[in-house]
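Here the structure comes first, spelled out in structure tokens, and everything after it is commentary.
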């Protein structure tokens, strides 16, 4: 069997969602996944697609064993950038070069879209991923902290008055 890397389609969403859940389990955060394949269909294939993705598919079976999901962001310092939300290879297929092929597809997408930077995050305890990115020559920045407001916090937001 060989692997092909191609743009993800709507038909790939159930398999892509399974990979997302597999990653969430690996990160001990399965309970945090609220997306569904149906929501991903609406968000990625509607009038204003919020993301794009590539899949790693086995030939001739077309079994999806990996994916890389990305979207455009804008940096006030750099301009248009691509953000790699997730690069996932199912556990049985890790270590076979599929992650590199998916990353290559994302780099190619950046170049084709004339992006000025590619960014992503990696958990500080995910040693295999950190080592993978280091082998690629990536700069891993330890000085920035990630801020988040979740939906329930957004819904309770007090407008016009400082919280602190």
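Whenever a residue of the range 25-36 is free of Cβ contacts under 8 Å to residues at least 60 places away in the same chain and at negative phi, its partners that are surrounded by 12 or more Cβ atoms within 10 Å (Cβ to Cβ) and assigned to a helix (DSSP H, G or I), lying with C-beta atoms within less than 6 angstrom and at least six residues away or across chains, give the pairs 30/24; 33/21; 33/24.
When 122, 65 are checked against the criterion of being more than 16 Å from residue 16 (Cα to Cα) and in contact with a helix residue (DSSP H, G or I) (Cβ under 6 Å, 6 or more places away or on another chain), a single residue qualifies: 122. In the set 104, 86, which member is under 23 Å from residue 9 (Cα atoms), touching a residue at least 60 places away in the same chain (Cβ under 8 Å) and in a helix (DSSP H, G or I)? One residue alone meets the criteria, 104.
Yes or no, residue by residue, for (1) in a loop (DSSP other than H, G, I, E, B); (2) loosely packed, with under 15 Cβ neighbours inside 10 Å; (3) touching a helix residue (DSSP H, G or I) at 6+ places or on another chain (Cβ under 6 Å):
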residue	(1), (2), (3)
4	no, yes, no
16	no, no, no
20	no, no, no
73	no, yes, no
96	yes, yes, no
108	no, yes, no
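Restricting attention to the range 36-59, the residues that are part of a strand (DSSP E or B) and more than 14 Å from residue 14 (Cβ to Cβ) add up to 5.
A quick yes/no check of all residues on (1) assigned to a helix (DSSP H, G or I); (2) surrounded by 10 or more Cβ atoms within 10 Å (Cβ to Cβ):
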| site | (1), (2) |
| --- | --- |
| 118 | no, yes |
| 138 | no, yes |
| 143 | no, no |
| 148 | no, no |
| 152 | yes, no |
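Values in this text are rule-based calculations from the coordinates and carry no lab data. Keep in mind that this is a model prediction, so the values were computed, not measured. Ideal geometry is used to build each Cβ from the backbone, glycine not excepted, and the neighbour counts take in all protein chains shown.
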